[in-house]
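Colleague: Sharing a structure here in structure tokens format.
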Amino acid sequence: MPAHNSGHLLRAYSASGPREGWGSGAGAVTGTRAGTVSQDGATILDQLSVLGKLSVDEIFTTGGIQTGQLRMEGFNTCPTDASGTGVSGTADSNEGAVEGISSIDTLAGALLLQSHAQGSIEIMGGRTVIDKLGNLVMKEGSLKLQKGDIELEKGALNLKKGVLSGNDSFTGSVVLSAEKQEIRIPHSWENKPKAVFITPKNADIRWSIADLSSEGFVIKIVPSQATDTRLYWMAVF
């Protein structure tokens, strides 16, 4: 390691004890085990302690870097979950672990990113951006929610392009037999829907919903139809 200030004391420790280098002053650089020290560089095989400020142009480490409660791992061994995906924040040793995982973690408290909001956060080459106002902008890709809810406490959800599609948990269709005026749609929801909307196919009829609960609902129509009628429904929670 180059030394540029005569106000530092540089020592290299060997098996026979410390070997003083050059410089003087209150600052100290110490190492353990055998090592070499010169004005052009230093090689220490075990531990280096710097008791003052350290300035470097470039640093490379095969292990982790820790500053305060923040720890960065450039080549971590990360356990996997049932799907084979690496799980962060768990023990380093585990059967079936994935090697080569890079991670940034806090040992306590939250990890703050751009806490002063002076710039944006860009992810994946700028494809996903969080701007200074907190807006999430996705230039490519899709937003997939595998579990949980999306809650909008304020504002609006604007779909400028594309379609809104769903699964059979809140949309579906049923065929109402000819001359029938009602049919029950059984379901199993965690919560009762706030409303259910019906769209008849090729039929000018009036419809209503009865017995709405977390276990399903009943569709009623007037007047009855001479032929089978398909009814499309969508539940809103």
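Colleague: Kindly check whether there is at least one residue in segment 144-156 that is among the small types (Gly, Ala, Ser) and either outside any loop (DSSP other than H, G, I, E, B) or surrounded by 10 or more Cβ atoms within 10 Å (Cβ to Cβ) (or both). First the steps, then the outcome.
Modeller: Step one: list which residues in segment 144-156 are among the small types (Gly, Ala, Ser), which gives 148, 155-156.
With either outside any loop (DSSP other than H, G, I, E, B) or surrounded by 10 or more Cβ atoms within 10 Å (Cβ to Cβ) (or both) added as a condition, the list becomes none.
No - not one qualifying residue is present in segment 144-156.
Colleague: Looking at (1) touching a strand residue (DSSP E or B) at 6+ places or on another chain (Cβ under 8 Å); (2) under 30 Å from residue 137 (Cβ atoms), find the lone condition where residue 207 falls short.
Modeller: (2)
Colleague: Also, quick follow-up: Kindly indicate the residue of segment 164-223 that is basic (Lys, Arg) and part of a loop (DSSP other than H, G, I, E, B) and also surrounded by the most Cβ atoms within 10 Å (Cβ to Cβ) among those meeting that condition. Explain how you work it out, then say what you get.
Modeller: Step one: filter segment 164-223 for residues basic (Lys, Arg), giving 180, 184, 192, 194, 201, 206, 220.
Still in the list and also part of a loop (DSSP other than H, G, I, E, B): 180, 192, 194, 201.
Numbers: 180: 14, 192: 12, 194: 9, 201: 10.
Ranking the qualifying residues of segment 164-223, first place goes to 180.
Colleague: Within segment 37-58, restricting attention to residues that are among the aliphatic types (A, V, I, L, M) and part of a loop (DSSP other than H, G, I, E, B), which residue is modelled with the lowest pLDDT? Even if it seems obvious, please write down each step before you answer.
Modeller: Of all residues in segment 37-58, those among the aliphatic types (A, V, I, L, M) come to 37, 42, 44-45, 48, 50-51, 54, 56.
Next, only the ones that are part of a loop (DSSP other than H, G, I, E, B) stay: 45, 51, 54, 56.
Working: 45: 81, 51: 88, 54: 84, 56: 84.
Among residues in segment 37-58 that are among the aliphatic types (A, V, I, L, M) and part of a loop (DSSP other than H, G, I, E, B), the one modelled with the lowest pLDDT is 45.
Colleague: Restricting the search to segment 128-143, which residues are basic (Lys, Arg) and either within 30 Å of residue 69 (Cβ to Cβ) or not in a loop (DSSP other than H, G, I, E, B) (or both)? Quick ask: steps written out before the conclusion?
Modeller: Residues of segment 128-143 that are basic (Lys, Arg), as a first pass: 132, 139.
Once the filter is applied, which keeps residues that are basic (Lys, Arg) and either within 30 Å of residue 69 (Cβ to Cβ) or not in a loop (DSSP other than H, G, I, E, B) (or both), segment 128-143 yields only 132.
The values are calculated or read from the model by the stated rules, or taken from the named source; none is laboratory data. Since the structure is predicted, the reported quantities are computational estimates derived from the model, not experimental observations. Backbone-built Cβ (ideal geometry, glycine too); neighbour counts: all protein chains shown.
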